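Please treat every number below as a calculation from the coordinates, not as lab data. All values derive from a computational prediction rather than experimental measurement. Note: ideal-geometry Cβ built from the backbone for every residue, glycine included; neighbour counts use all protein chains shown.
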Amino acid sequence: MAPAYEASKYGIVWVSTSRIQVNTDIMMDMVTKLSKPKVALVHQMPFTTDQKGLAAAVEKVYFGATVCKYYLSLHVLGISCFTGMSYMLKKKHLEDVEGMAYFGKFLAEDFYLAKYLHDRGFQFHVAAFPAQQNVASTSIINFKNRMVRWLRLRLNAVPLLSGVFELVTESVPLGIYAAWSAYTVFGLNPFLWFCGHWTVWLILDYIQLKVVQNGPLPFSFSTYIVAWLIRELLYPVVYIEAICNARQIKWGQRTYYLSDFVNL
C-alpha cells in the first residue's frame with residue numbers, strides 16, 4: 001500500500017480493500033465532505049453486496065444490524081470509530097511521518113492512522129454511502145475466523161473497551177445479565193424476560209438493517225431470523241476463542257505474533 005501511496009500524484013488518496021463497489025456519486029460525496037478545511041479523512045461504513053446463501057445473509061446482518069449501531073453512534077459522539085474498508089484522506093496531513101509507510105509496523109494500520117489524525121484535532125466524516133464489499137468466499141467458518149481475528153486486534157489495541165465493555169453491547173451477555181437482574185430485583189421470570197429482550201432486539205436490528213440496505217433485502221424474514229440467531233450465538237464462541245492466545249493472529253496464509261499492542 002505504501003508504494004502506491006507514494007506514487008499518487010494528487011493531494012487526495014482513496015484507500016480501499018478489494019472488491020468494493022464504487023460509482024461517481026460515491027466518489028463525489030466523499031470528495032465534497034473532504035473539501036472542508038478541518039476534515040482530514042472521510043470513511044464509509046462497512047457493508048456487503050447482495051449475495052446468495054445463508055453465510056452471505058449472516059455477513060449482511062452483522063454489518064447492517066450490528067456494526068452500524070456503534071459505528072454511527074460513536075461518530076455522532078465525536079469518538080474515533082473507523083475501519084479501513086474504504087476511506088479518503090489528504091496526503092498533506094501525513095507529511096510529518098513521511099506518509100503511509102510509517103504505519104506499516106502496525107497490523108491494524110487503519111486504527112493507528114485514524115488515531116494519529118484524531119489526536120491532532122482533525123475531524124472525520126462518514127460518507128453517505130456504505131462501503132459495499134463483494135466478499136470472495138462466504139461461509140460460517142470464514143466469518144467466525146474473521147470475527148476472531150478482528151476481536152484479537154481490538155483486544156490488543158483497546159483492551160478495556162473490547163475485553164469488558166464490548167460484552168454489554170451484545171444481546172446474549174446483556175440479556176443474561178438483564179434477566180438475572182429482573183429476577184433478583186423484581187422476581188420476574190428470567191426466561192420470559194430474556195425471550196422478550198431477544199425479540200425486541202431482533203426486531204430493532206431488522207429495522208436498522210432495512211434502513212442501511214435502503215431497498216429490498218436479498219433474503220426472506222425467516223432467513224433473517226436464522227442468520228441473526230447464528231450471528232448472536234456465535235459471539236460467545238468468538239469471544240472465548242479470541243481471548244485465548246490473543247497475541248497470535250492468523251491472516252490469510254500467515255500467522256502474526258504481536259509484541260506490543262498491535263506492533264508486528
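Considering the options Tyr116, Leu151, Gln213, tell which one lies farthest towards the positive end of the dipole of the chain, charges being +1 on Lys and Arg and -1 on Asp and Glu at the Cβ, about the Cα centre.
Tyr116
What net charge is computed for the residues neighbouring Gly64, neighbours being all others with C-beta under 15 Å from the C-beta of Gly64, Lys and Arg scored +1, Asp and Glu -1?
Values: positive: Lys60, Lys69, Lys210, Arg231; negative: Asp50, Glu59, Asp205, Glu232.
Local net charge: 0.
Which is farthest toward the positive dipole end of the chain among Tyr87, Ser18, Ala227, measuring Cα position about the Cα centre, with Cβ charges +1 (Lys, Arg) and -1 (Asp, Glu)?
After comparing all options, I get Ser18.
Return the percentage of antiparallel bridges among DSSP beta bridges fully within the chain, rounded to the nearest 5 %.
Details: 15 of 22 bridges.
Percentage antiparallel, nearest 5: 70.
Give the Kirkwood hydrodynamic radius (Å, one decimal) of the range 98-219, defined as one over the mean of 1/r across all pairs of different Cα atoms. All intermediate terms of the calculation are to be shown ahead of the outcome.
Details: mean 1/r = 0.0542 Å⁻¹.
About 18.5 Å, per the Kirkwood formula over Cα pairs.
Charges only on Cβ, +1 for Lys and Arg, -1 for Asp and Glu: so what's the dipole of the chain about the Cα centre, in debye to the nearest 20?
300
Taking the chain, how much of its Cα-Cα pair set, in percent, is spaced more than 31 angstrom apart?
Above the 31 Å cut-off, the chain has 30 percent of its Cα pairs.
For the range 76-145, state which chymotrypsin sites (Phe, Trp or Tyr not before Pro) are in a DSSP loop and have at most 13 other beta carbons lying within 10 Å of their beta carbon.
none
With springs only between Cα atoms under 10 Å apart, run a GNM on the chain and tell me which of Asn23, Asn145, Asn134 wobbles the most.
The residue that fluctuates most here is Asn23.
Relative contact order (percent) for the range 1-147, with alpha-carbon contacts under 8 angstrom and 6 or more residues of separation?
Numbers: 192 pairs, mean separation 63.1, N = 147.
It comes to 43 percent, rounded to a whole number.
What is the diffusion coefficient of the range 103-145 in µm²/s, taking the Kirkwood radius over Cα pairs and the Stokes-Einstein relation at 20 °C with a viscosity of 1.002 mPa s? Display every interim value, and only then the final one.
Numbers: Rh = 13.5 Å.
Result for D is 159 µm²/s.
Pick out, in residue order, every one of the chymotrypsin sites (Phe, Trp or Tyr not before Pro) in the range 213-259 that is DSSP loop and has at most 12 other C-beta atoms within 10 Å; say none if there are none. Numbers along the way, then the final one.
Numbers: sites: Phe219, Phe221, Tyr224, Trp228, Tyr239, Trp251, Tyr256, Tyr257; in loops: Phe219.
Here no loop site has a sparse enough neighbourhood.
So what's the Cα pair-distance distribution over the range 1-111, bin width 10 Å, in %?
12, 40, 35, 12, 1
Taking every pair of distinct Cα atoms and averaging 1/r, then inverting, what Kirkwood hydrodynamic radius in Å comes out for the range 6-68?
On the way: mean 1/r = 0.0710 Å⁻¹.
About 14.1 Å for the range 6-68.
Over the range 56-160, consider all pairs of different Cα atoms and compute the Kirkwood hydrodynamic radius from their mean reciprocal separation; express it in Å, one decimal. Don't skip to the answer; put the middle values down first.
Values: mean 1/r = 0.0644 Å⁻¹.
That comes to 15.5 Å for the range 56-160.
Taking the Cα centre of the range 188-264 as origin, work out the dipole magnitude from +1 charges on Lys and Arg Cβ and -1 charges on Asp and Glu Cβ, in debye rounded to 20. Walk me through the numbers before you get to the answer.
Numbers: 5 positive and 4 negative charges, 39 e Å.
My answer is approximately 180 debye.
Where the centre of each part is set by its Cα atoms, how far does the range 103-181 sit from the range 18-50, in angstrom?
19
Are there trypsin sites (Lys or Arg not before Pro) in the range 104-169 that DSSP puts in a loop and that have at most 10 other Cβ atoms within 10 Å, and which ones? Show your work: numbers first, answer last.
Values: sites: Lys105, Lys115, Arg120, Lys144, Arg146, Arg149, Arg152, Arg154; in loops: Arg120.
Hits after loop and neighbour filter: Arg120.
Once the piece of chain linking Thr184 and Tyr256 is laid out straight, how much longer is it, given 0.36 nm per residue of separation minus the C-alpha distance between them?
On the way: separation 72, 0.36 × 72 = 25.92 nm, distance 4.49 nm.
Computed gain between Thr184 and Tyr256 is 21.4 nm.
Between Asn134 and Val237, what is the label-point separation in nm under the 7 Å Cα-to-beta-carbon projection?
Taking the two extended label points, one gets 2.9 nm.
So how many Lys-Lys pairs in the range 29-169 land under 12 Å Cα to Cα, not counting same-chain pairs under 8 apart? Provide the component values of the computation, followed by the final result.
Working: Lys33/Lys90; Lys36/Lys90; Lys38/Lys90; Lys52/Lys60.
Counting lysine pairs in the range 29-169 gives 4.
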